[in-house]
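Remarks on the structure that follows.
The values are calculated or read from the model by the stated rules, or taken from the named source; none is laboratory data. Just so you know, these numbers come straight off a predicted model, no measurement behind them. Please note: Cβ atoms are built from the backbone with ideal geometry, for glycine as well, and neighbour counts cover all protein chains shown.
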Amino acid sequence: MEVPEMSSLLRVEPFSAGFFGYFAAETVLAIGLVLMIVVPNLGRGTFRVPGTQVRLPWFFGGERYSLTGRSDLPGYISVLTLLTALVLLINDLLTTWDHTTHEVLVHAVGDDSVRILAATPFSRLMEALFIGALFLVALASNDRYRSTPAKDVRNLSALYNNRRQADLHILLLTCALGMTTVALAENLFVLFVGLELAGFSSYILVAFNKESKFGSEGGMKYFMVGSASSGVGLYGLSLLYLWAGTLQVDALAMAWANIGQEILPYVALGLMLVGFGFKVSAAPFHFAAPDAYAGASSPFAGLLATASKAMGMVGLFRILLVITLPEGTEGSAVWLVLLGVLAAITMTWGNLAALGSKNPKRMLAYSSVAHAGYMMAALTAVGVWNLGDSSLDGAAQAASEAVLTALLFHLVVLVAFKMGAFLVIGLLEHEGEVRDDRTLSGLAKRSPLLAVTMFVFMLSLAGVPPLSGFLSKLLVIMGIVKVAAVDVASSSATVSVFGMDLHWVWSLALLMVLNSAISVFYYLRIGVVMFFDAPAVGRDRPVPRTVFTAIAITLCLVGTVGFGVWGDPLIQVCQDAAIALLR
């Protein structure tokens, strides 16, 4: 593949005409959020002129119009907003992008070189991932919390669903704005603001189903642990500012390249790793994740397993690859061994815990922990060789770009099969809470097509060809081995394996293979339950028909199969993103 060259930066002022042109998707999200608040409140409201009996219309509040009074209107606004933003981002990635970086600069401080937001192939890819996942969640939520015309409301559940439509979709759009801010941020404080904006929305979404005690319990645990980890991460951020006097990513990278024997920046790095470790559900910071996934509505659990995890990975990319990776000529990053150990523990613990879990959502939660370990293994491999070391040839650069490309590809396709699995479980939640795998018993007899679809998602999670999960794992493993095989004779970290000198990071690739073999057992167990067990009592009727969720599941199935057999276009996009991040 040809490596595209990054052209010169284009600078625009915040909220200028050029700003809204370059950041059209983000503008659409902001407009959609305003519409979500304003449109459902339009009505025949009036106000009285002070001192008179004259009442004038102001079209806000009062009796709603027939259109604005529809309880399903917020859902349509949310879906349309997210779809429009997603189309703009995909168009930007595939057609109009010429590998130019667009910057948003803050001029109020008197320095037009201060970078706050930057649109690059990497940030655009991450934005598309976030918005795509939220679009699927918004689609499925229109069925999970189905609105009912006022004249047809017969029970409290329908009334609850009608009253919280706007709340739900405002939270989704707020989460979208927070996640896009994280993707675009070139300043760690801005990144933290976006992280918390999306994080607080996620906490509420986990506990959104207030009728369920499991949802409230999971939401409270997730909020408490998340708040504590955010506090630790923020303290690390403050120490980093105390050391360098700036939170600009590029300035911090320059300061780290000239680091001496100081302890403070290393302490700050460790504290920030704790904060981001919670976001990606890395062991030992994952303990709130299983309860949160099990208690949340399945579409929201899918959001935590895909977009929220990717958001944490973006933070790790900024800290580990952009700021702390260039460090003299010793070769490896300072965090290499620590991250490698965490990756090994995370993937192994996640798979072993999933083996003993009978709750499908809890099993998928531990599966997400294992996948976090796979991603951290790939991230460890990127830190093996110092890309700024002039003694290295182009092989180290190419190997690092290859493994980062594989990691980004895995993050993207994970949205398809992981979200798809949660959406299938979400369909079954229409019949009651999903507490164990008996919920899936006999699904093939009730809905053969749905059972086959769920089994495809399980096979992709297990890494079975020719699905996208197999291709992404294969690329990650090959990338790690490629990094380990770079010929650097002076490295003391190499070991002899079958007569070849390999860096010790190759053991993470071997551990990935072993853990993938372990995971096959609990993924195939779902297939056995669906195809060979009899339906559980009370769940022997046909699966409820839902239009929006069916569309979302179909999109996930197409992505799971399509990117597995024809993944070259997406791999090329991921390669462009990897190059933009490393350079």
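Only residues that are within 20 Å of VAL424 (Cα to Cα) and in a helix (DSSP H, G or I): list them for region 352-368, please.
Residues satisfying the conditions are ALA354, PRO360, LYS361, ARG362, MET363, LEU364, ALA365, TYR366, SER367, SER368.
Which one is modelled with the lowest pLDDT, of the residues in region 32-54 that are small (Gly, Ala, Ser) and surrounded by 13 or more Cβ atoms within 10 Å (Cβ to Cβ)?
So, considering only residues that are small (Gly, Ala, Ser) and surrounded by 13 or more Cβ atoms within 10 Å (Cβ to Cβ), the one modelled with the lowest pLDDT is GLY45.
Please go through region 418-461 and give me each residue that is farther than 21 Å from LEU355 by Cβ, of a type in the set (Ser, Thr, Tyr) and under 23 Å from the mean Cα position of the chain (by Cα), ordered by number.
Result: THR453, single match.
So is SER216 at pLDDT below 90 and within 16 Å of the chain's Cα centre (by Cα) or not?
It is false that SER216 is at pLDDT below 90 and within 16 Å of the chain's Cα centre (by Cα).
Can you list residue pairs whose Cβ atoms sit under 7 Å apart, with the first residue in region 21-45 being closer than 17 Å to MET179 by Cβ and the second being loosely packed, with under 15 Cβ neighbours inside 10 Å and not β-branched (Val, Ile, Thr)? Count only pairs 6 or more apart in sequence or on different chains.
Cβ pairs passing all conditions: THR27/PHE20.
Please enumerate the residues belonging to region 433-452 that are over 13 Å from PRO360 (Cα atoms) and buried (at least 21 other Cβ atoms within 10 Å of the Cβ).
LEU443, ALA444, ALA451
Could you tell me whether any residue of region 322-342 is small (Gly, Ala, Ser), in the same structural domain as TRP506 (by TED's automatic domain parsing) and assigned to a helix (DSSP H, G or I)?
Yes, region 322-342 contains a residue that is small (Gly, Ala, Ser), in the same structural domain as TRP506 (by TED's automatic domain parsing) and assigned to a helix (DSSP H, G or I).
Go through region 43-88 residue by residue and tally those that are touching a strand residue (DSSP E or B) at 6+ places or on another chain (Cβ under 9 Å) and not polar (S, T, N, Q).
Adding up the residues that qualify gives 21.
Which members of region 219-235 meet the condition of being within 23 Å of the chain's Cα centre (by Cα) and without any contact (Cβ under 8 Å) to a residue 60 or more places away in the chain?
Answer for region 219-235, where residues must be within 23 Å of the chain's Cα centre (by Cα) and without any contact (Cβ under 8 Å) to a residue 60 or more places away in the chain: MET220, PHE223, SER227, ALA228, SER229, SER230, GLY231, VAL232, GLY233, LEU234.
So which helices (runs of 4 or more DSSP H) stay within region 195-308 end to end and still have 1 or more residues that are touching a Pro at 6+ places or on another chain (Cβ under 7 Å), more than 30 Å from ALA353 (Cβ to Cβ) and not assigned by TED's automatic domain parsing to the domain that holds GLY350?
213-244, 249-257
Any residue that is modelled with pLDDT under 90 and in a helix (DSSP H, G or I) - is there at least one of those in region 553-573?
No, the conditions are met nowhere in region 553-573.
Output the residues belonging to region 244-301 that are touching a residue at least 60 places away in the same chain (Cβ under 8 Å) and of a type in the set (Ser, Thr, Tyr).
Answer for region 244-301, where residues must be touching a residue at least 60 places away in the same chain (Cβ under 8 Å) and of a type in the set (Ser, Thr, Tyr): TYR266, SER281, TYR293, SER297, SER298.
Kindly indicate whether any position in region 303-311 is more than 20 Å from ALA416 (Cα to Cα) and of a type in the set (Gly, Ala, Ser).
no
Looking at (1) more than 18 Å from the chain's Cα centre (by Cα); (2) more than 28 Å from ARG144 (Cβ to Cβ); (3) not β-branched (Val, Ile, Thr), which is the one condition that is false for LEU191?
The number of the failed condition is (1).
Identify all residues within region 71-88 that are small (Gly, Ala, Ser) and farther than 23 Å from LEU42 by Cα; write none if there are none.
Result: ALA85, single match.
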